[in-house]
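Written out below as structure tokens is the structure these notes cover.
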Amino acid sequence: MLPGIGDREGTGGEFLEASLDEVAFRFHGRVFLDRVPTWLPDTPEALQGVAQCSVLAEAVAVFAGDTDEPWLPDQLTRFFNLRPEVSAACVSSPDAERAMVFTRRTRRVRSIRPSLARSASHKDSGAPVPGVEQVL
């Protein structure tokens with residue numbers, strides 16, 4: 001049972017939003033959810049912008065839409081070019097049953113250790129390489 005849904009049937013969007021709330025809860029507030037991110041007007045066609053999840057220096061755009069569309073990598077490449085502050089994008093089915101994560105291609109991977117992520121020596125030194133990498 002998802003928080004906020006109770007015993008009633010929820011719509012697809014409610015399940016996705018409840019899942020995001022669960023992530024924020026499980027990480028004890030270290031994941032910040034922005035329900036009205038600045039990139040919302042640049043949401044790719046056929047996707048619905050849901051939220052931005054931010055932690056340390058990383059920002060993940062969360063979209064609802066069809067995860068099987070063959071044009072997703074091309075659309076997200078354009079989105080990443082418009083929004084360099086976004087490091088990854090998650091496309092989830094509205095019912096939160098299926099999801100795909102796309103990351104911005106970079107020449108160097110940032111550290112995921114919090115103690116290193118803030119130091120200058122572990123930040124990206126190269127410009128983003130056009131395109132996205134799909135992580136399943």
THR106 - would you say it is at pLDDT below 90 and among the hydroxyl-bearing types (Ser, Thr, Tyr)? yes
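Of LEU40, LEU56, LEU20, which residue is modelled with pLDDT of 80 or more and within 17 Å of VAL101 (Cα to Cα)? Even if it seems obvious, please write down each step before you answer.
Numbers: LEU40 fails: within 17 Å of VAL101 (Cα to Cα); LEU56 fails: within 17 Å of VAL101 (Cα to Cα).
Within the list LEU40, LEU56, LEU20, the selection yields LEU20.
With crowded, with 17+ Cβ neighbours inside 10 Å and either at pLDDT 90 or above or at negative phi (or both) as the only criterion, which of GLU69, GLU97, GLU14 stands out?
Numbers: GLU69 fails: crowded, with 17+ Cβ neighbours inside 10 Å; GLU97 fails: crowded, with 17+ Cβ neighbours inside 10 Å.
The unique qualifying residue is GLU14.
Evaluate the following for PRO84: is it under 16 Å from the mean Cα position of the chain (by Cα), modelled with pLDDT of 90 or more and either of a type in the set (Phe, Trp, Tyr) or surrounded by fewer than 20 Cβ atoms within 10 Å (Cβ to Cβ) (or both)? Quick ask: steps written out before the conclusion?
On the way: under 16 Å from the mean Cα position of the chain (by Cα): yes; modelled with pLDDT of 90 or more: yes; either of a type in the set (Phe, Trp, Tyr) or surrounded by fewer than 20 Cβ atoms within 10 Å (Cβ to Cβ) (or both): yes.
Criteria met by PRO84.
When you go through LEU40, LEU33, LEU47 one by one, which is the residue that is in contact (Cβ under 8 Å) with a residue 24 or more places away in the chain and either out of contact with any Phe, Trp or Tyr (no Cβ under 6 Å at 6 or more places or on another chain) or not charged (D, E, K, R) (or both)?
On the way: LEU40 fails: in contact (Cβ under 8 Å) with a residue 24 or more places away in the chain; LEU33 fails: in contact (Cβ under 8 Å) with a residue 24 or more places away in the chain.
That would be LEU47, the only listed residue that is in contact (Cβ under 8 Å) with a residue 24 or more places away in the chain and either out of contact with any Phe, Trp or Tyr (no Cβ under 6 Å at 6 or more places or on another chain) or not charged (D, E, K, R) (or both).
The values are calculated or read from the model by the stated rules, or taken from the named source; none is laboratory data. The structure displayed is predicted, hence computed values, not measured ones. Positions of Cβ are generated from backbone atoms using ideal geometry, with glycine treated the same way; all protein chains shown enter the neighbour counts.
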